[in-house]
Structures are given as C-alpha cells and as structure tokens.
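The values are calculated or read from the model by the stated rules, or taken from the named source; none is laboratory data. On a predicted model such as this, the values are computed, not experimentally measured, just so you know. Heads up, the Cβs are rebuilt from the backbone with ideal geometry, glycines too, and the neighbour counts pull from every protein chain shown. Please note that ligands, DNA and RNA were not included when accessible areas were found on the heavy atoms of the full protein model with its side chains. Shrake-Rupley method; radii C 1.70, N 1.55, O 1.52, S 1.80 Å.
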Amino acid sequence: MSVDYFAIGATVIASAFLIGWLCQWAIHIVSICFGLCHLYKKLEPVIPKEKLPGISIIKPLTGVDINLKSNLETFFTQTYPVYELLFSVQDDNDPAILVVKSLIDSYPKVDAKLFIGLKNVGPNGKINNMVRPYEAAQYDNIVISDTGIKMTPTTLYEMYHLLKPDVGLVIQMPYCATRKGFGAVYQQVYFGTMQARNCLSANAVGINCSTGMSSLLRRDVLDKAGGLAEFGKYLAEDHFMAEAIRAQNYKVVLATTPALQNSGNCSISEFHNRLVRWAQLRMTMVPTLIFLEPLGESVVLGTFTALAANFIFDISPLAFFLGHFLLWFLSDYILFRIVENGPMPFSKFEYVVAWLLREFLSPYIILMGHLKDHVVWRNRRYKIKWGGKVVVDNSLENVSVS
C-alpha cells in the first residue's frame with residue numbers, strides 16, 4: 001500500500017496554520033482582557049505624598065514642531081511633589097533651546113535645567129544626547145521621555161505607583177493624543193489596535209515589549225548593567241535596557257495609562273518610514289519574527305488559514321476569509337475603545353478607512369523592512385548587525401527623515 005507523502009505533508013502544514021490562527025485569536029483575547037483589567041485602573045495611594053521620592057525626568061530634544069511648547073509644558077504642571085526636568089539638545093543652534101528657556105522662565109518654581117552638547121558614547125544619537133543629564137540627575141528614579149510626548153498631570157504618580165521593590169522598569173504603552181487630519185487618525189488607529197494588541201498581550205505574559213517613548217527606571221539597577229552609556233551601541237536601546245534589567249531579576253511592568261504621542265508631524269509617508277525602521281530592528285533583534293511577524297497580520301494569516309480550512313474541512317476560502325476579517329475588525333474595534341477609554345475621537349468612517357489601510361499595507365511595510373539594508377534615523381544612516389548593534393554609515397549625508 002503506497003503512502004501519499006504529499007497529502008500528509010499538506011495536512012501537517014494546513015494544521016499548523018490552523019493552530020497558529022487559534023494562537024493569534026488567543027492573543028486578541030488576552031490583549032482585550034488585560035486592557036480591560038489594567039488600563040486606567042484606579043490607583044489607591046500607598047505612600048503619603050510628603051514621603052514620595054524625587055524623580056529626574058530626562059527630555060532629549062531635537063528641533064521644534066508646532067506642538068513642542070504645549071507638550072513640554074505638561075511636564076512643568078505635574079502634580080507629583082518632587083521632580084526635576086533635565087532637557088538636552090545636541091548643539092547651541094537647536095531652536096528647541098528658546099522654547100525650553102521660555103518655559104523655564106514661565107515656571108520658576110519648577111526645578112529645570114538645560115544641557116547643550118553631546119557626549120559621544122556610541123552610534124545612538126539619542127543616548128549621546130542623554131548621557132550628560134543622566135550623569136547630573138540628582139534622584140535615583142529616572143524617567144526617559146521622548147520629545148513628542150504629552151503628559152497628563154498625574155502621569156508621574158501613576159508610573160511611580162507601579163515601581164514596587166521587585167520592579168526595575170515601568171513603561172507606558174505608546175498611543176496618540178487626538179490631533180487633526182487623516183494622518184493623525186491613521187497613526188492613532190495603528191497604536192490603538194495592532195501595537196496595543198502586541199504590547200498588552202506581551203506584558204500580560206511577561207514578554208519584553210519595551211518601548212523607550214516614556215519609561216521610569218531605577219538608576220542603581222541600570223548602573224549595574226553599565227549605565228546609560230552602555231546602550232549607546234544599540235539603536236533600539238529600550239529593548240536592551242529592559243533585557244538588562246530583567247537579567248537582574250527585576251520585573252518590567254506596564255503603566256496604567258498610555259504615553260500620548262503628540263508630535264505636530266502627522267505625515268503618513270514619514271510614519272511609514274518609522275514603521276519600516278522598527279520592522280528592521282525587530283527582525284535583527286529577534287530573527288524568528290522574520291517568519292512569524294507576517295503571520296500575525298490579518299490579511300496574510302487569513303489568506304493562508306482560509307486555504308488550510310478549505311483543504312482540511314472543505315470550507316469555502318472566501319467565506320472563511322471574510323468571517324475571519326470581520327471578527328478581526330470587531331476585536332480591534334473593541335480594543336481601540338478600551339485604549340481610548342471613551343468614545344471614538346473621530347467618525348466611524350474615518351476609523352474604517354484607517355483600519356483597512358493599515359491592514360492591507362502591513363505586508364508592504366514588512367517587505368520593505370526586508371529589502372532595505374540600512375536604517376535612516378534623525379539624519380543619520382546606520383548599518384544594522386545581527387543582535388541589534390549598529391554602526392554609522394557615513395556614505396550618506398544630509399538625509400531628511402522623521
């Protein structure tokens with residue numbers, strides 16, 4: 001009796017796709033449940049206000065956009081009792097200097113300082129911009145916050161509340177403040193669905209999904225890993241800082257409120273450049289994502305699983321795909337409402353268009369991440385090595401990027 005090895009192999013592959021499809025739905029469910037239980041959770045005071053320790057906030061700045069002053073002002077109006085603001089710019093020609101100085105003059109009671117000039121410790125320009133304020137920080141709890149982040153008045157307290165004795169790093173999940181224009185809607189839908197799903201599910205099960213947009217860390221723990229300067233050799237320094245903290249048996253936990261990105265630049269093309277860069281970095285740091293990441297996208301996974309269901313169960317591929325796509329849309333809509341914590345800030349039509357654009361463009365973003373052999377970030381070109389280390393490629397000058 002002959003054995004049909006082709007049929008056996010096809011059945012195994014089809015079964016693998018169906019199992020992977022079920023696993024992806026488990027990720028949807030976990031992210032929704034964790035989001036409901038964790039995000040915007042009411043925090044009960046555990047330390048009297050007068051006994052709260054000081055926090056040093058490091059703000060690396062490069063250039064000015066229309067929202068910079070209003071974003072920075074939210075750091076001057078925190079309700080947390082003791083903190084300092086440490087702004088840093090690359091050189092004395094940076095226009096952000098005038099914005100920072102005007103705010104310092106407007107809020108004389110806030111302890112704020114401005115550092116001008118880099119300390120070169122590696123190819124990562126952001127780290128080079130932060131080393132001097134990091135070394136000058138007077139408190140042991142350090143917040144690192146990107147230029148375009150907008151804080152609510154209670155953000156510092158909400159982050160510190162989770163810095164328990166066994167926690168070394170508190171991260172905020174990246175999201176977006178509501179802004180005008182379809183580009184802003186597109187970005188907000190991306191961070192409220194795909195990014196939120198991965199971030200929430202990863203943190204629920206203890207997987208490193210750190211982002212450096214807004215985070216609170218213990219300085220003594222980071223110093224044991226070599227200090228901030230040690231991570232200047234990486235472009236995705238946030239990932240490796242989290243790994244170094246976890247290696248010392250400290251937890252990395254998610255804050256109860258997201259980090260609100262509020263950059264004045266809402267260009268879709270420049271946002272795609274960011275997504276391509278992030279895809280490149282992820283695949284060099286975690287090579288298994290080369291194969292797994294495309295299968296986490298609704299269009300790719302739905303197509304292959306529809307064919308698998310047809311092969312094994314004789315289900316119409318079109319009917320299966322449409323059902324899959326509708327359920328994916330509904331689960332993303334539920335998750336977006338959880339992350340937004342209220343009604344949608346734009347029309348349902350805008351949401352549908354932005355969601356469809358993101359879903360159908362995601363394979364293109366991943367493909368571009370494979371095709372490019374370099375990363376361009378903040379007017380510098382980098383060659384990425386396996387493991388996440390980078391070297392500056394000086395063959396390209398005067399590059400304009402987001």
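In the stretch 129-152, of all residues being in a loop (DSSP other than H, G, I, E, B) and among the acidic types (Asp, Glu), the one that is farthest from Asn262 (Cα to Cα) corresponds to Asp140. Val82 meets the stated requirement of being more than 30 Å from Thr178 (Cβ to Cβ) and either touching a Lys or Arg at 6+ places or on another chain (Cβ under 6 Å) or among the hydrophobic types (A, V, I, L, M, F, W, C) (or both). Looking across the stretch 175-234, the residues that are of a type in the set (Lys, Arg) and assigned to a helix (DSSP H, G or I) come down to Arg197, Arg219, Lys224, Lys233.
Of everything in the stretch 263-315 that is of a type in the set (Phe, Trp, Tyr) and over 24 Å from Lys233 (Cβ atoms), the residue that is surrounded by the most Cβ atoms within 10 Å (Cβ to Cβ) is Phe304.
Let's see how each residue does on (1) at pLDDT below 95; (2) on the phi > 0 side of the Ramachandran plot; (3) part of a helix (DSSP H, G or I):
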{"position": "Thr284", "(1), (2), (3)": "yes, no, yes"}
{"position": "Phe291", "(1), (2), (3)": "yes, no, yes"}
{"position": "Gly302", "(1), (2), (3)": "no, no, yes"}
{"position": "Leu326", "(1), (2), (3)": "no, no, yes"}
{"position": "Tyr333", "(1), (2), (3)": "no, no, yes"}
{"position": "Phe336", "(1), (2), (3)": "no, no, yes"}
{"position": "Val339", "(1), (2), (3)": "no, no, yes"}
{"position": "Met344", "(1), (2), (3)": "yes, no, no"}
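For the stretch 62-79, the tally of residues that are touching a helix residue (DSSP H, G or I) at 6+ places or on another chain (Cβ under 6 Å) and modelled with pLDDT under 95 stands at 1.
Yes/no matrix, rows are residues, columns are (1) in contact (Cβ under 8 Å) with a residue 24 or more places away in the chain; (2) surrounded by 15 or more Cβ atoms within 10 Å (Cβ to Cβ):
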residue: Lys59; (1), (2): yes, yes
residue: Gly63; (1), (2): yes, no
residue: Ser70; (1), (2): yes, no
residue: Leu86; (1), (2): yes, yes
residue: Lys109; (1), (2): no, no
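Listed here are the residues, each with its yes/no results for (1) within 16 Å of the chain's Cα centre (by Cα); (2) of a type in the set (Ser, Thr, Tyr).
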{"position": "Pro153", "(1), (2)": "no, no"}
{"position": "Thr178", "(1), (2)": "no, yes"}
{"position": "Tyr186", "(1), (2)": "yes, yes"}
{"position": "Gln195", "(1), (2)": "yes, no"}
{"position": "Lys224", "(1), (2)": "no, no"}
{"position": "Ala229", "(1), (2)": "no, no"}
{"position": "Arg246", "(1), (2)": "no, no"}
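Which of the residues that make up the stretch 153-174 are part of a helix (DSSP H, G or I) and open to solvent by 30 Å² or more (accessible area, probe 1.4 Å)? Those that are part of a helix (DSSP H, G or I) and open to solvent by 30 Å² or more (accessible area, probe 1.4 Å): Tyr157, Glu158, Tyr160. Against the condition open to solvent by 30 Å² or more (accessible area, probe 1.4 Å), under 23 Å from Val30 (Cβ atoms) and without any contact (Cβ under 8 Å) to a residue 12 or more places away in the chain, how does Leu326 come out, does it pass? For Leu326, the condition - open to solvent by 30 Å² or more (accessible area, probe 1.4 Å), under 23 Å from Val30 (Cβ atoms) and without any contact (Cβ under 8 Å) to a residue 12 or more places away in the chain - is met. Restricting the stretch 338-363 to residues that are among the aliphatic types (A, V, I, L, M) and touching a helix residue (DSSP H, G or I) at 6+ places or on another chain (Cβ under 7 Å), the residue that is most open to solvent (accessible area, probe 1.4 Å) is Leu357.
The selection criterion, being over 30 Å from Val392 (Cβ atoms) and touching a strand residue (DSSP E or B) at 6+ places or on another chain (Cβ under 6 Å), does not hold for Leu200. Restricting attention to the stretch 29-61, the residues that are among the hydroxyl-bearing types (Ser, Thr, Tyr) and touching a helix residue (DSSP H, G or I) at 6+ places or on another chain (Cβ under 7 Å) add up to 1. All of (1) more than 25 Å from Tyr351 (Cβ to Cβ); (2) in contact (Cβ under 8 Å) with a residue 40 or more places away in the chain hold for Ser298 with one exception: (1).
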